[in-house]
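Notes to accompany the following structure.
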Amino acid sequence: MPEFQQTLGKVAGFTGTALHTGEKVTLKLHPAPVDHGIKFRRKDLQDEPTIDAKIENLKTVERATTIGEGSVRVHTVEHVLAALWAMGVDNAIVEMDTNEPPIGDGSAQPYVDLIKKAGVTAQEEPRKFFDVRDTIHVESKTGALLVLLPDNQFRISCTQAGPNNKFTQFFSMEVTPAAFEREIAPARTFVYYEDVEPLMDKNLIKGGSLENAIVVRGEAVLSKEPMRFPDEFVRHKILDIIGDLALVRRRIRGHVVAVKPGHAANAELARSIAREQTRRSTLAVSRAIPIGDSGLDTGEVMKILPHRYPFLMVDRVIGFEGENKITAIKSITINEPFFQGHFPGHPVMPGVMQVEAMAQVASILLFKLTKTSSRVGYFMSADEVKFRKPVFPGDTIFIHAELTRARGNRMAKTKCYCVVNDAVVSEAELMFTFLDK
Ligand SMILES: [Zn+2]
């Protein structure tokens, strides 16, 4: 059962004070169509420009998260983003009449209330996910550490420590709308007195007061109302992580383990995820198979490769991209002879056959490059071989090979992937040498 994208049921808004300018600001949440993502709209500027809430638009991470496009900026976006994302809103417009949302009480509570007022409704397109496959980790000079591990859900486990490890707190949760509303949304911003004093002197936080932040001065905790949780600080850190990772624009299935996180480290993790996603997207090809001159049919493949059934692991070459890239397909049926013994009653394609398929596709690419039949390529080595997912009868494998290094007409190195349903099932670096026939 796929999870569907969601937006708001109707427009809802409220008015409050902007943290940095101290001005009055009205924020309105609007529904938006599928695949729109979350965008901020500056209603106070000419033509009402919008800014995509995506990591590529991140501008600064000093104390709060600022995004921008061209000369247009919006500051302190993380709390409203966290609330939208955690409450399950994928598509929305956040409209404001200044450059910053209202600070409210320094938590995400006012935004959760607003989202509940607007309502959340399902849309017709499935959600897009980022599934963590390999551990991603980022570290900063300030001691922040973030590790993203594979998981079936979106989880965050966070350790927060103040100066001299005072106020060390730990909290771990699966991020669901109910858990966010109950455990995280009420947690307020906290600041250290030494950090805010110079800002107050420079008049940079005009809207700041004990009504919208907890101030820590030495051992003392100053706030207008008592602590909402004994571990309110670490909960707010989790709130900020959710808001910053929303810039990835995909639902993360993974476990974030964070130690002393901050906006800079959170943004670095979001960037790493986006990079990995881009790498994967370049591998995912359209499953529509073109017919025409760009590829090679089975007969043409067999003119190049000496392999024959059942050892021919290429049905068709879909196409070449430039000189260095090739994509081919192989449909796997239950009639493949290897299924009889691998394994009776539980047929999975042997990994070595996938490596063989990659080697055959890479050979076709190299044949095209050398354009000679007097030399023949020999498979020399396979490195970095990884089998990530099983391949079953009925799967169609898209086999990608890219030439990564070539030394004259002697040696060539290729990076190869087998992809089924847009997921990499295996990969390898294959090396070939050329000898005269
Ligand atoms: Zn915050």
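Is there a residue in the stretch 45-56 that is within 16 Å of the ligand (Cβ to nearest atom), in contact with a His (Cβ under 8 Å, 6 or more places away or on another chain) and open to solvent by less than 70 Å² (accessible area, probe 1.4 Å)? Working first, answer last.
As a first pass, look at the stretch 45-56 and keep what is within 16 Å of the ligand (Cβ to nearest atom): 53.
Still in the running and in contact with a His (Cβ under 8 Å, 6 or more places away or on another chain): none.
No.
If I go through the stretch 200-214 residue by residue, how many of them are touching a residue at least 24 places away in the same chain (Cβ under 8 Å) and surrounded by fewer than 19 Cβ atoms within 10 Å (Cβ to Cβ)? Reasoning before the result, please.
First pass over the stretch 200-214, keeping only residues touching a residue at least 24 places away in the same chain (Cβ under 8 Å): 204-208, 211-214.
Filter once more, so that each one left must be surrounded by fewer than 19 Cβ atoms within 10 Å (Cβ to Cβ): 204, 206, 211.
Result for the stretch 200-214: 3.
Do the conditions hold for Val191, that is, is it open to solvent by less than 60 Å² (accessible area, probe 1.4 Å) and more than 13 Å from the ligand (Cβ to nearest atom)? Talk me through it step by step, then tell me what you get.
Details: open to solvent by less than 60 Å² (accessible area, probe 1.4 Å): yes; more than 13 Å from the ligand (Cβ to nearest atom): no.
Considered against the rule, which asks whether it is open to solvent by less than 60 Å² (accessible area, probe 1.4 Å) and more than 13 Å from the ligand (Cβ to nearest atom), Val191 comes out as no.
State whether the residues of the stretch 333-347 include one that is touching a His at 6+ places or on another chain (Cβ under 9 Å) and open to solvent by 20 Å² or more (accessible area, probe 1.4 Å).
no
Can you report the number of residues in the stretch 2-40 which are out of contact with any helix residue (DSSP H, G or I) (no Cβ under 9 Å at 6 or more places or on another chain), part of a strand (DSSP E or B) and surrounded by fewer than 18 Cβ atoms within 10 Å (Cβ to Cβ)?
Total meeting the criteria: 4.
In the stretch 41-58, which residues are in contact (Cβ under 8 Å) with a residue 40 or more places away in the chain, among the hydrophobic types (A, V, I, L, M, F, W, C) and outside any loop (DSSP other than H, G, I, E, B)?
Ile55, Leu58
To keep it simple, each residue is scored yes or no on (1) buried (at least 18 other Cβ atoms within 10 Å of the Cβ); (2) under 25 Å from Ser331 (Cβ atoms).
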position: Ala357; (1), (2): yes, yes
position: Phe367; (1), (2): no, yes
position: Pro393; (1), (2): no, yes
position: Phe398; (1), (2): yes, yes
position: Ala406; (1), (2): no, no
position: Arg410; (1), (2): no, no
position: Tyr417; (1), (2): yes, yes
position: Ala428; (1), (2): yes, yes
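Of the residues Met96, Met87, which single one is open to solvent by less than 10 Å² (accessible area, probe 1.4 Å) and at pLDDT 95 or above?
Just one listed residue meets the conditions, Met96.
Please determine, by comparing only the residues of the stretch 99-123 that are under 20 Å from Ile214 (Cβ atoms) and among the small types (Gly, Ala, Ser), which one is most open to solvent (accessible area, probe 1.4 Å).
Only one residue fits best here, namely Gly104.
List the strands (runs of 3 or more DSSP E) inside the stretch 172-248, counting only whole elements, that have at least 1 residues being in contact with a helix residue (DSSP H, G or I) (Cβ under 7 Å, 6 or more places away or on another chain) and closer than 21 Å to Gly262 by Cα. Lay out the reasoning, then the answer.
Numbers: elements: 190-192, 214-217, 220-222.
By residue number, 190-192, 214-217.
Regarding Thr65, is this residue at pLDDT below 95, under 20 Å from the mean Cα position of the chain (by Cα), of a type in the set (Ser, Thr, Tyr) and open to solvent by less than 30 Å² (accessible area, probe 1.4 Å)? Reasoning before the result, please.
Values: at pLDDT below 95: yes; under 20 Å from the mean Cα position of the chain (by Cα): yes; of a type in the set (Ser, Thr, Tyr): yes; open to solvent by less than 30 Å² (accessible area, probe 1.4 Å): yes.
So Thr65 passes the test.
Table: residues versus (1) closer than 18 Å to Ile67 by Cβ; (2) away from the ligand (no atom under 16 Å from the Cβ); (3) in contact (Cβ under 8 Å) with a residue 12 or more places away in the chain.
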{"residue": "Glu232", "(1), (2), (3)": "no, no, yes"}
{"residue": "Lys237", "(1), (2), (3)": "no, no, yes"}
{"residue": "Gly243", "(1), (2), (3)": "yes, no, yes"}
{"residue": "Arg249", "(1), (2), (3)": "yes, yes, yes"}
{"residue": "Ile252", "(1), (2), (3)": "no, yes, yes"}
{"residue": "Ala258", "(1), (2), (3)": "no, no, yes"}
{"residue": "Arg279", "(1), (2), (3)": "no, yes, no"}
{"residue": "Thr282", "(1), (2), (3)": "no, yes, no"}
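Could you say which residue among Gly88, Gly68 is outside any strand (DSSP E or B) and either without any contact (Cβ under 8 Å) to a residue 12 or more places away in the chain or away from the ligand (no atom under 16 Å from the Cβ) (or both)? Working first, answer last.
Numbers: Gly68 fails: outside any strand (DSSP E or B).
Unique residue meeting the criteria: Gly88.
Suppose we filter Phe167, Phe180, Phe154 for residues that are modelled with pLDDT under 95 and surrounded by 17 or more Cβ atoms within 10 Å (Cβ to Cβ); which single one remains?
Numbers: Phe180 fails: modelled with pLDDT under 95; Phe154 fails: modelled with pLDDT under 95.
Answer to the selection: Phe167.
The values are calculated or read from the model by the stated rules, or taken from the named source; none is laboratory data. The structure displayed is predicted, hence computed values, not measured ones. Cβ: placed from backbone, ideal geometry, glycine included. Neighbour counts: every protein chain shown. Just the protein is used for accessible areas: all its heavy atoms, side chains included, with ligands, DNA and RNA removed. Shrake-Rupley method; radii C 1.70, N 1.55, O 1.52, S 1.80 Å.
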